[in-house]
Amino acid sequence: MAKRDYYEVLGVQKNASKDDIKKSYRKLAIQYHPDKNPGNKEAEEKFKEATEAYEILADDQKKAAYDQFGFAGVEGMAGGPRDYSTVFRGFEDIFGDFSSIFDLFGGGGFRRGTSGRGGARQGANLRYDIEILFKDAVFGTKVEIQYSHNESCPTCKGSGAANGAGKKTCPACQGSGQIRHSQGFFSVASTCHNCGGEGYIIEQPCRDCGGSGTQKKRQKIMVTIPAGVENGKRVVIPKQGDAGANGGPPGDLYVFIRIKPHEYFERQDYDLYCAVPISVSQAALGADIHVTTLDNKTIKVKVPAGIQNGKMLRIRDEGVPSGVRRGNLYIKLMVKIPEKLSRRGRELLEELAKIEGQNDSPKPISLSDLTD
């Protein structure tokens with residue numbers, strides 16, 4: 001089934017505020033949660049669809065990519081959750097006092113460990129946009145980029161604690177990262193303000209990173225752009241995103257590609273197109289012309305006599321690389337009519353007109369004449 005527009009999924013306009021997006025997702029998530037609709041595949045798919053839409057539209061960077069490039073701009077950045085009992089944990093802020101609404105559906109509470117708060121968590125993915133030349137997109141290239149990301153603090157090795165210092169369980173939430181209380185029918189939870197939801201308190205924070213466990217660093221890397229890459233596509237550089245919390249693995253770097261248009265060449269799939277001017281005499285008599293390809297080769301092309309303006313000539317294997325072969329190059333011949341004629345040139349054309357009988361009384365032109 002084809003994907004639906006994310007704004008359509010959530011039932012909001014493109015200029016909707018973040019609050020409107022949150023409210024719409026909250027309503028749909030509660031309505032279609034699989035634990036509330038056991039065995040209902042349609043509800044399950046709608047729940048996945050709404051969650052994916054919210055992941056994109058609630059994030060300013062992802063939303064901007066989606067607005068500009070559509071699904072191609074956010075490919076791989078969202079996906080349906082596999083564990084429905086924990087899906088709301090990534091979106092607690094949208095539920096406010098009902099952040100533990102999944103308890104209503106049998107999800108249970110948070111526990112310490114690698115999958116809960118305070119455990120190792122993967123770092124954030126980063127996005128970098130580059131513009132490359134048309135030729136480099138066709139044949140591939142390497143581009144050096146420089147960007148900032150969070151690296152694990154070398155002083156505390158990502159722990160956030162000063163040397164020799166430890167962490168203690170937060171006395172306010174007893175390590176759960178949440179403060180819970182009952183509110184009527186619901187089990188209500190909110191993030192612990194004492195520990196910020198981490199479940200522990202660092203007794204002596206690292207001076208170099210302030211207890212965050214990471215430091216902002218700039219780095220240069222070389223990115224390989226594959227031959228034949230299309231506009232709006234991305235190259236994924238594994239483990240070059242932000243460092244993970246509490247020793248978790250780093251995220252990835254997504255390099256999105258914009259291709260600068262070429263002055264003469266255009267592309268369609270794996271074929272290249274260009275327009276080449278020829279003279280009236282070359283079109284009428286035929287000629288051998290020389291054409292420079294995108295990779296600066298000069299090739300001889302035979303123009304057949306009597307060719308018409310706008311006709312295409314195909315040159316095999318001079319297009320975009322595709323695996324073991326290449327696409328074709330199509331040359332569109334444009335017959336150039338001289339704006340000014342020399343005296344001798346005019347005499348010759350007038351003589352040709354007499355020979356062809358073009359100076360006789362004009363006769364009506366039929367449609368068959370135009371299509372021949």
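The values are calculated or read from the model by the stated rules, or taken from the named source; none is laboratory data. Here the structure is a predicted model, which is why all the values come from computation and not from measurement. So basically every Cβ, Gly included, is an ideal-geometry build from the backbone, and we count neighbours across all protein chains shown. Note: areas computed on protein heavy atoms with side chains; ligands, DNA, RNA excluded. Shrake-Rupley method; radii C 1.70, N 1.55, O 1.52, S 1.80 Å.
Here is how the numbers come out for the structure above:
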item: Violating pairs (Cα-Cα greater than 29 angstrom) within the set K167/K216; K14/K48; K14/K216; K135/K216; K48/K260; result: K14/K216; K135/K216; K48/K260
item: Amide hydrogen neighbours beyond the local backbone of L272, cut-off 5 Å, H modeled; result: V320, N328, L329, Y330
item: Fraction of accessible area attributable to carbon and sulfur, the stretch 158-297 (%, probe 1.4 Å); result: 49
item: Amide proton proximity set for G211, modelled H, under 5 Å, gap of 5+; result: C206
item: Rounded to whole Hz, the Karplus (6.51, -1.76, 1.60) HN-Hα couplings of the stretch 334-343, x for glycine and proline; result: 10, 6, 8, 8, x, 6, 10, 10, 6, 4
item: Distant-in-sequence amide H partners of G248 (H built 1.01 Å from N, under 5 Å); result: R121
item: Peptides ranked, highest mean first, by Cβ atoms within 10 Å: ranges 219-229, 301-311; result: 219-229, 301-311
item: Estimated vicinal HN-Hα couplings, Hz - the stretch 52-59 in sequence order (Karplus 6.51, -1.76, 1.60; Gly, Pro = x); result: 4, 4, 5, 3, 7, 6, 7, 9
item: Shape category assigned to the stretch 197-239 from the gyration tensor of Cα positions, a/c cut at 1.5; result: prolate
